[in-house]
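A short write-up of the structure that comes next.
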Amino acid sequence: RVPVVDVQSDNFVELWPSMLLALRSATFVAVDTVRCTGTPLGDGIQPTRAPWAPPRLFRQLPVTDVRVTLPALPPQPEHTYLCQIYNLTLLCMEDYVVEPQSVQFLVQHGFDFNKQYSQGIPYHKGNDKGNENQSQSVRTFFLELIRAKKPLILHNGLIDLVFLYQCFYAHLPDRLSTFTADLSEMFPAGIYDTKYASEFETRFLASYLEYAYKKCKRENDKLKDSRGQHLTIEFCNYPANMSRYIDFRHCSLEDSHNVKGENKVPVCEKFSAYGWCPKGMKCPHSHNIDLIIDEDDKLWEEKRKKRKHKWKRRKNTEEPAKTFEQESTGKEMELAQNGEEGPPRKQSCYELAAAAELAEITPSSESRPLEENSMDMEPETEAACAAGKEQETHGPPSQGGTHRAGFDAFMTGYIMAYVWMLKKGKNMDASAGPWLPDCHNKLYLSGKSVPLQIVKSLFSKSSKAHSQKMKLAWASG
């Protein structure tokens, strides 16, 4: 069971010291946000959004939840983490209109709007107002996150970063290159995207959050059973007076024997590939993640055996060409063992890749004003994109979804800890360079074979608001 500490307006000050202590002692910080789609009142959408961001982003203005996982690495066994999870319920203090479908969706997946409006921690978007960073607020807590200089972990995290910046830091800059320059200075220890890591490092067949988490947990359990190097997660023993703040989430894997009855129901191909289905809970096919992984593992093993057999047969028939074989055998054998180059793909419904969240954000846009390549998507694409992100964040509860308040950040942190363990097991020097070099400052872009690089180029400048905030952070830190 995973204990999630529910933080709201009536206990925010009480929990503040423990949150800061956890933040400053953490190995890394995993963050996830939940947003409610809608529009601001008064100014309309266009004047309030950065030119490089599509309108759909700014129909998701109010952040309702911020989930934070703070894994600390105690001086005990290697790869043993003491994990603390905080779920901050927030309330935007600016006027806005929400979409009924968005509210309905969140309610169906357990979000409590009564608690948000009665106990939500207040915040406002954009730049600071007066000396508010001297008080205990969400904006101050975000500044403490920057001061801590810890690696920041997200899953499919570009939109999360946009909203964290806009809601708790400053107005978004006009250029994407300025935004990435600011981020690179805000988080010098690096930003890491577990969706990118799931596709390009662990090479999972799917990379949506619950799939990647359960896949990592399965593989870690195998390592544990074989007495190999494995990940161990521990949790705090909270005092009795905090029990009313603690919500427990179950994270155990389902036993294959318990879900065999569902084998008669075919797996939903769309949900299997992308973690969402337009039919939602009305879909007649199975959305059970354990069954999906079982099926994927079986198909992957069959394909691997076929490739290996084909490689051996080809090697035997081409014995005279030894020189060529010596040059190509290593790569061919690797392909025979692991499959095609690049991240593996599910081909069953890959035409939905057109519903990318930010498919038009590319590194080539870095050095010019982004009004020139505005990314306004077609309505059908926007709808599919929104559904995909929401379903990745909130799986159908009737079919085994583990997503609920606070747990998404835990899954994100678990994935990154597992990937770090695998990479470190390859004798990587942890003291030299970035924490995880292959994933350092790379954000996943849907439908793209290259990530968005979080860097400050020679042709970009930091924003004025960011420069002022950084001076404040180190002057009062």
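The values are calculated or read from the model by the stated rules, or taken from the named source; none is laboratory data. In this text the structure is predicted, and so the values were computed from the model without any measurement. Neighbour counts are summed over all protein chains in view; Cβ atoms, including those assigned to glycine, are modelled from backbone coordinates with ideal geometry. Keep in mind that these areas ignore ligands, DNA and RNA; they rest on the heavy atoms of the full protein, side chains included. Shrake-Rupley method; radii C 1.70, N 1.55, O 1.52, S 1.80 Å.
On the given criteria, is Leu172 at pLDDT below 95, open to solvent by less than 10 Å² (accessible area, probe 1.4 Å), over 26 Å from Tyr213 (Cα atoms) and touching a helix residue (DSSP H, G or I) at 6+ places or on another chain (Cβ under 8 Å)?
The answer is no for Leu172.
Residue pairs whose Cβ atoms lie under 9 Å apart, sitting 6 or more positions apart in sequence or on different chains, and linking a residue in the range 269-294 that is free of Cβ contacts under 8 Å to residues at least 12 places away in the same chain to a partner that is among the β-branched types (Val, Ile, Thr), do not occur here. Would you say Pro17 is at pLDDT 60 or above, farther than 29 Å from Ser177 by Cβ and not basic (Lys, Arg)? Yes: the conditions hold for Pro17.
Do we have any residue at all in the range 87-94 that's open to solvent by 40 Å² or more (accessible area, probe 1.4 Å) and either under 28 Å from Met470 (Cβ atoms) or modelled with pLDDT of 80 or more (or both)?
Yes, some residue in the range 87-94 is open to solvent by 40 Å² or more (accessible area, probe 1.4 Å) and either under 28 Å from Met470 (Cβ atoms) or modelled with pLDDT of 80 or more (or both).
Tell me, yes or no, whether the range 109-123 has at least one residue that is closer than 27 Å to Ala22 by Cα, open to solvent by less than 30 Å² (accessible area, probe 1.4 Å), modelled with pLDDT of 80 or more and within 22 Å of the chain's Cα centre (by Cα). Taking every residue of the range 109-123 in turn, none turns out to be closer than 27 Å to Ala22 by Cα, open to solvent by less than 30 Å² (accessible area, probe 1.4 Å), modelled with pLDDT of 80 or more and within 22 Å of the chain's Cα centre (by Cα). Give the residue that is modelled with the lowest pLDDT, with candidates limited to residues of the range 178-220 that are assigned to a helix (DSSP H, G or I) and of a type in the set (Phe, Trp, Tyr). Here the answer is Phe200. Of the residues making up the range 133-150, just one is free of Cβ contacts under 8 Å to residues at least 12 places away in the same chain and open to solvent by 40 Å² or more (accessible area, probe 1.4 Å), namely Ser135.
Could you please give the count of residues in the range 280-327 that are modelled with pLDDT under 80 and either assigned to a loop (DSSP other than H, G, I, E, B) or in contact with a Cys (Cβ under 6 Å, 6 or more places away or on another chain) (or both)? Result for the range 280-327: 4.
Determine whether Met375 is open to solvent by less than 20 Å² (accessible area, probe 1.4 Å), of a type in the set (A, V, I, L, M) and modelled with pLDDT under 50.
Numbers: open to solvent by less than 20 Å² (accessible area, probe 1.4 Å): yes; of a type in the set (A, V, I, L, M): yes; modelled with pLDDT under 50: yes.
So Met375 fits the description; yes.
Could you check how many residues of the range 162-217 are under 30 Å from Trp300 (Cα atoms) and of a type in the set (Asp, Glu)?
The first filter runs over the range 162-217 and keeps only residues under 30 Å from Trp300 (Cα atoms), leaving 192-217.
Cutting the leftovers down to of a type in the set (Asp, Glu) gives us 193, 199, 201, 210.
Here the count works out to 4.
Checked against (1) open to solvent by less than 50 Å² (accessible area, probe 1.4 Å); (2) modelled with pLDDT of 80 or more; (3) among the hydrophobic types (A, V, I, L, M, F, W, C), Leu458 meets all criteria but (1). The single condition from (1) assigned to a helix (DSSP H, G or I); (2) over 23 Å from Trp16 (Cα atoms); (3) of a type outside the set (Gly, Ala, Ser); (4) open to solvent by less than 10 Å² (accessible area, probe 1.4 Å) that Tyr165 fails is (2). Consider Asn156 carefully, then state whether it is open to solvent by less than 30 Å² (accessible area, probe 1.4 Å) and outside any helix (DSSP H, G or I). Taking the combined requirement at face value, the residue satisfies it. Cβ separations smaller than 7 Å between residues 6+ apart or across chains give no pair from the range 218-237 residues that are open to solvent by less than 80 Å² (accessible area, probe 1.4 Å) to residues that are among the acidic types (Asp, Glu).
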